[in-house]
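Okay, so here's the structure we're looking at.
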Amino acid sequence: MMFRGTSFHTIDPKGRFVIPSRFRDVIRTGGIDRIMISRLDGGLFAYTFEEWGKIETKVISMAEKSGNIRRFRRVFIGGAFECSCDKQGRVLIPPALRLYAEIEKEVVLVGVLDHFEIWSRENWEKENMSMEKDMKEEDVRNEIARIGL
């Protein structure tokens, strides 16, 4: 099962949002009602425990010990939070992650196969505009064409 599609949600005063049932179904296939959330590219990336384990295994196995990789490990792995789903299907986004992603009230959840992203509505709209602009560049179109689209 994979995460697909986009949905718009509101954060409650405690910092929680409701995970759509189609995403909850993917999360629960691993038998665990929790996700790992970290930060990247101005948004938040949410993974099932199974997918997060794969990421940690890849990161540990990397022979590369450059400054960039050390910083990536420090920020992405070190900045991750384990977040539980409550009985209503809500997840609390920790304050540090809300601050990073500039999330205040409205969020957009974007399923991108092995994980889903959580964006502030404003930043999601900026990201969309940026991609539309990039799609006009030949190298971007060629890169996308290589996957058969």
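The values are calculated or read from the model by the stated rules, or taken from the named source; none is laboratory data. Predicted model only: the values in this text are computed from it and were never measured. Here the Cβ positions follow ideal geometry from the backbone for every residue, glycine too, while neighbour counts run over all protein chains shown.
If you go through the range 110-144 and pick out every residue that is closer than 16 Å to Ile35 by Cα and among the charged types (D, E, K, R), you end up with 2. Among the residues making up the range 112-149, a single one is touching a helix residue (DSSP H, G or I) at 6+ places or on another chain (Cβ under 9 Å), surrounded by fewer than 12 Cβ atoms within 10 Å (Cβ to Cβ) and part of a loop (DSSP other than H, G, I, E, B): Met135.
Right, Val91: crowded, with 18+ Cβ neighbours inside 10 Å, touching a residue at least 24 places away in the same chain (Cβ under 8 Å) and either touching a Cys at 6+ places or on another chain (Cβ under 6 Å) or closer than 19 Å to Ile19 by Cα (or both) or not? Spelling it out, Val91 is indeed crowded, with 18+ Cβ neighbours inside 10 Å, touching a residue at least 24 places away in the same chain (Cβ under 8 Å) and either touching a Cys at 6+ places or on another chain (Cβ under 6 Å) or closer than 19 Å to Ile19 by Cα (or both).
It is to be established whether one or more residues within the range 67-75 are loosely packed, with under 13 Cβ neighbours inside 10 Å and closer than 24 Å to Ser21 by Cα. Among the residues of the range 67-75, not one is loosely packed, with under 13 Cβ neighbours inside 10 Å and closer than 24 Å to Ser21 by Cα, which makes the answer no.
Looking at Leu109, is it on the phi < 0 side of the Ramachandran plot, touching a Phe, Trp or Tyr at 6+ places or on another chain (Cβ under 8 Å), surrounded by 13 or more Cβ atoms within 10 Å (Cβ to Cβ) and assigned to a strand (DSSP E or B)? Here the answer is yes, as Leu109 does meet what is asked. The residues on offer are Arg39, Arg71, Arg24, and the sole one that is modelled with pLDDT of 90 or more and not in a strand (DSSP E or B) is Arg24. The number of residues in the range 5-56 being farther than 15 Å from Val91 by Cβ and aliphatic (A, V, I, L, M) comes to 2.
Across the range 42-66, the number of residues qualifying as surrounded by 11 or more Cβ atoms within 10 Å (Cβ to Cβ) and either part of a helix (DSSP H, G or I) or free of Cβ contacts under 8 Å to residues at least 12 places away in the same chain (or both) comes to 10. Just checking, does the range 81-94 include any residue being hydrophobic (A, V, I, L, M, F, W, C), at pLDDT 95 or above, touching a strand residue (DSSP E or B) at 6+ places or on another chain (Cβ under 8 Å) and in a loop (DSSP other than H, G, I, E, B)? Scanning the range 81-94, I find at least one residue that is hydrophobic (A, V, I, L, M, F, W, C), at pLDDT 95 or above, touching a strand residue (DSSP E or B) at 6+ places or on another chain (Cβ under 8 Å) and in a loop (DSSP other than H, G, I, E, B), so the answer is yes.
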